[in-house]
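Everything below concerns the one structure shown next.
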Amino acid sequence: MTGFLDHLLNGLALGAVYALVALGFVVIFKASGVLNFAHGSLLLLGGYLTAVLHDDLGFVGALAAAVVVTALVAGAMDRLLLRGGDRDPRAAHVQTIVTIGVDIVLVTDLARRIGGDLLTTGDPWGDSVTRLGSVTVADSRLAAIAVSAVVIGAVFALFRYTAWGLSLRAASEDLEAAALMGVRLTRVRMLAWCLAGALAALAAVFLAAFPAPGLERTTGQIALKAFPAAILGGMASPPGALAGSLLIGLTEALVAGYQSELHVLGEGFGDVAPYAVMVLVLLVRPTGLFGAKGAVRV
Amino acid sequence: MNTSRTSKTLLASALAALLIAGTGCSSKAEEDKPADAADGVRTGPGVTDDRIRLGALTDLTGPYATLGKSIVQAQQMWADETNAAGGICGRKVEIVVEDHGYDVQKAVTAYADLSTDVVALPQVIGSPVVAALIDDIERDQLLTFPQAWAASLLGKDPVQVLGTTYDVDMIAAVDFLTRTKGLKKGDTIGHVYFEGDYGANALEGSTWAAERAGLKIVDQKIKATDTDLSAQVSALREAGVKAVLISAGPAQTASLAGVAASRGLQVPIVSSAPGFAPQLMKTPAAKALEAMLHVVSAAPAVSSDLPGVKKMVASYEKKFPGSPVDSGVLSGYNAAQLLGADLKKACEAGSLTREDVVKTHRSQKNADTGLGTPQNFSDVNRPASVSTYVLKPDAKAVGGIVVAEEAHVAPGIEEYLNS
């Protein structure tokens, strides 16, 4: 039983961090119809900045700086490289491919800088743990759950109660109608990209924190695990991203935890498990857990 | 008739390309024939009257960039030292370095480019790279020292795995646990390992040794991108393991030790040699590593008292101040020295052709560079050495690690190799 609770908490914590990443995917997709393949490298950029700045600025200062800079880079990416798609919805496909290029450039440069090092972000949790009955959980993981809950709540509120959120939702429903109603698509889009960048930088800190040994050049690849989460949640649905992330996090932790019992399913089942879950969900609900039903008038 | 003109142009250019390629080949073939140099030494590709060219297929931009840089620098240092002392066979030594970034496709291209004009490869990084090139290397008879230690690389004349293979290391690791950590019949040990040749070969060794000692192995397969081993640690604790073996990268070792310590799984951990890097001693897991980890390795620690190692470390630190002194420095320098000895001997026998360099290499039964234990290259199906050191992390030491047990042959290894 202890084992099961352990796995459950691991999974929840992992899911909470994935949710920050998946939410970034979703926000960008909603605002611009682009699947951002450069999200992993934005995450790596955020983590790298926190790691190199924390000596001078302290952890909180470094994190704040990293969040701002990553947000600006993401926003600039949208403004400078992905222009021209505001009017033509088909451009989103081209821009999706552009993000792959941006990802390669960013990752190559960051990997060169990081080299083979394991960078620490100077986070305040260190390797301390909290005991909850018979279960032990790393403080950094508890912090991840708490911070993710607060941030995700704030983002949801942003969607629901602000003019920008309304504009974003309008734009994702119908680009043309939104423009006609006076929604400034460019600004809505750019802010969405900035928000996604900020979330990625935040997630990086938790992905590099204690149970992991630090930030490495490959940390960005973890963002790919949030991909199935965003897709099975329904790509354009923030609550879907949250539910999908928790599902993927739990799947991963349970499959890794019960690896020896799952040997019948073949070696390395842990790697495919998130995708297997995604396929299963999509088989039952082709638009994802919370995806919009594509109503087409005939 | 636009299309037919296009296809004619295409045909013509294809023919021209073939012609050029054809002449290129034929002129090269003549160049490659062994010939006697002015000093009477038979030479082949890579050797001229005044220089010997060696090649390195390394990773300077991919996941093993740190290791690659260490090996390149260490071997360059050897080349400089050798040349300062007059070179080999009256010729200057030159190492051509090609970076493949751990991309097999790039490595194949780089090999094609490199292989025509070198006599041996003192460095090839990456098991998948070596696996992709092994047939070409055999055809070209290009003496190669891979920086990979899977037993599957044995059995090819020109490919020389230096030191022990991963399975032998893990047999020694199980022996270390039963001998010093009180593990006994019926106990369970975990083995966390990377997918691929490295992990599979290590698991082969640990499984064999565990069976021999009456232990049970619980295995946990992971990927290079798994850096948070919380779930694995939970599962190992559930299984009631008394010790854990790990055959992965440094990041995974750090996570394993850190998580295990924080969850009260205070058991000894023994890692394969590639699972440790000096950088780990700067992470939050350093304390846990010092308390729990041992590393089994065919090479001594760089902080070892061996005079050869001390001298090398001193020159390396002088030549490359600020570069970490890791196991790559030692293994790279060692490989270069062994190759240097092969070349010297081949020269004395009067031939520096690739085939003769390989033959000379295989005739060495007790090659000792003073950087560890002597190696025997005469049996192509056996690891060059079977004795292993046990090392222990120590943040204060050079390279972050010290020798805990001197080199010895673990019991059972002969039995394993003959089985």
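The values are calculated or read from the model by the stated rules, or taken from the named source; none is laboratory data. What you see is a predicted model, and the numbers here were worked out from it, not measured in a lab. Cβ coordinates were reconstructed from backbone atoms using ideal geometry, including for glycine residues, and neighbour counts include every protein chain displayed.
Observations
- Verdict on B:LEU121 being surrounded by fewer than 23 Cβ atoms within 10 Å (Cβ to Cβ), out of contact with any His (no Cβ under 9 Å at 6 or more places or on another chain) and in the same structural domain as B:LEU57 (by TED's automatic domain parsing): no
- Residue among A:ILE231, A:ILE248, A:ILE222 that is closer than 24 Å to A:ASP123 by Cα and either surrounded by fewer than 24 Cβ atoms within 10 Å (Cβ to Cβ) or out of contact with any Cys (no Cβ under 7 Å at 6 or more places or on another chain) (or both): A:ILE222
- Being touching an Asp or Glu at 6+ places or on another chain (Cβ under 7 Å), within 14 Å of chain B (Cβ to nearest Cβ), in contact (Cβ under 8 Å) with a residue 40 or more places away in the chain and part of a helix (DSSP H, G or I) holds for only one residue in A:GLY40, A:GLY47, and it is A:GLY40.
- Any hit, region A:72-85, residues being buried (at least 17 other Cβ atoms within 10 Å of the Cβ) and under 27 Å from A:ARG141 (Cβ atoms): yes
- Which listed residue is more than 10 Å from every other protein chain (Cβ to nearest Cβ) and either small (Gly, Ala, Ser) or within 22 Å of B:PHE194 (Cα to Cα) (or both), from A:ALA209, A:ALA179: A:ALA179
- Subset of region B:136-157 (residues that are closer than 28 Å to B:ALA248 by Cα, touching a Ser or Thr at 6+ places or on another chain (Cβ under 6 Å) and surrounded by fewer than 24 Cβ atoms within 10 Å (Cβ to Cβ)): B:ILE137, B:ALA148, B:ALA150, B:ALA151
- Residues satisfying the stated conditions in region A:156-189, i.e. free of Cβ contacts under 8 Å to residues at least 40 places away in the same chain and touching a Ser or Thr at 6+ places or on another chain (Cβ under 6 Å): A:VAL183
- Test result for A:LEU80, modelled with pLDDT under 90 and touching an Asp or Glu at 6+ places or on another chain (Cβ under 8 Å): no
- Residue ranges of helices (runs of 4 or more DSSP H) in region A:155-250 with at least 3 members at pLDDT 90 or above, aromatic (Phe, Trp, Tyr) and under 21 Å from A:GLY11 (Cα atoms): none
- All told, A:VAL264 falls short of being modelled with pLDDT under 85 and either crowded, with 17+ Cβ neighbours inside 10 Å or in a loop (DSSP other than H, G, I, E, B) (or both).
- Residue satisfying condition, being of a type outside the set (Gly, Ala, Ser) and within 28 Å of the chain's Cα centre (by Cα), within set B:VAL192, B:VAL233, B:VAL241: B:VAL192
- Selection count, region A:123-143, where residues are buried (at least 19 other Cβ atoms within 10 Å of the Cβ) and closer than 30 Å to B:LEU67 by Cα: 2
- Residue satisfying all of: in region B:263-282; over 24 Å from the mean Cα position of the chain (by Cα) and at the interface with another protein chain (Cβ under 9 Å from one of its Cβ atoms); surrounded by the fewest Cβ atoms within 10 Å (Cβ to Cβ) among these: B:GLY264
- Of everything listed in (1) surrounded by fewer than 20 Cβ atoms within 10 Å (Cβ to Cβ); (2) closer than 30 Å to B:ALA261 by Cα; (3) among the hydrophobic types (A, V, I, L, M, F, W, C), the single unmet condition for A:PHE206 is (1).
- Checking B:SER363, B:SER387, B:SER351, B:SER378 one by one, the residue that is within 20 Å of B:LEU177 (Cβ to Cβ) and of a type in the set (S, T, N, Q) is B:SER387 and no other.
- Test: residue in region A:1-12 that is touching a Lys or Arg at 6+ places or on another chain (Cβ under 6 Å), within 14 Å of another protein chain (Cβ to nearest Cβ) and closer than 30 Å to A:GLY133 by Cβ: no
- Assessment of region B:360-374 against the conditions (under 19 Å from B:GLN73 (Cα atoms) and either of a type outside the set (D, E, K, R) or crowded, with 16+ Cβ neighbours inside 10 Å (or both)) yields at least one matching residue.
- In region A:65-124, the residues that are of a type in the set (A, V, I, L, M, F, W, C) and within 14 Å of chain B (Cβ to nearest Cβ): A:ILE104, A:VAL105, A:VAL107, A:LEU110, A:ALA111, A:ILE114, A:LEU118, A:LEU119
- Among (1) at pLDDT 90 or above; (2) within 11 Å of another protein chain (Cβ to nearest Cβ), the one test that B:GLU238 misses: (1)
- Within region B:88-126, the set of residues being assigned to a loop (DSSP other than H, G, I, E, B) and modelled with pLDDT of 95 or more comprises B:VAL118, B:VAL119.
- If you go through region B:140-193 and pick out every residue that is out of contact with any strand residue (DSSP E or B) (no Cβ under 7 Å at 6 or more places or on another chain) and farther than 22 Å from B:GLN364 by Cα, you end up with 12.
- Look at (1) touching a helix residue (DSSP H, G or I) at 6+ places or on another chain (Cβ under 9 Å); (2) outside any helix (DSSP H, G or I); (3) within 24 Å of A:GLU252 (Cβ to Cβ); (4) more than 10 Å from chain A (Cβ to nearest Cβ) and you find that B:ALA260 fails only one, number (2).
- Conditions (1) more than 14 Å from chain A (Cβ to nearest Cβ); (2) touching a residue at least 24 places away in the same chain (Cβ under 8 Å); (3) of a type in the set (Gly, Ala, Ser): number failed by B:ALA224: (1)
- Residues in region B:387-400 that are of a type in the set (A, V, I, L, M, F, W, C) and at pLDDT below 95: 3 in all.
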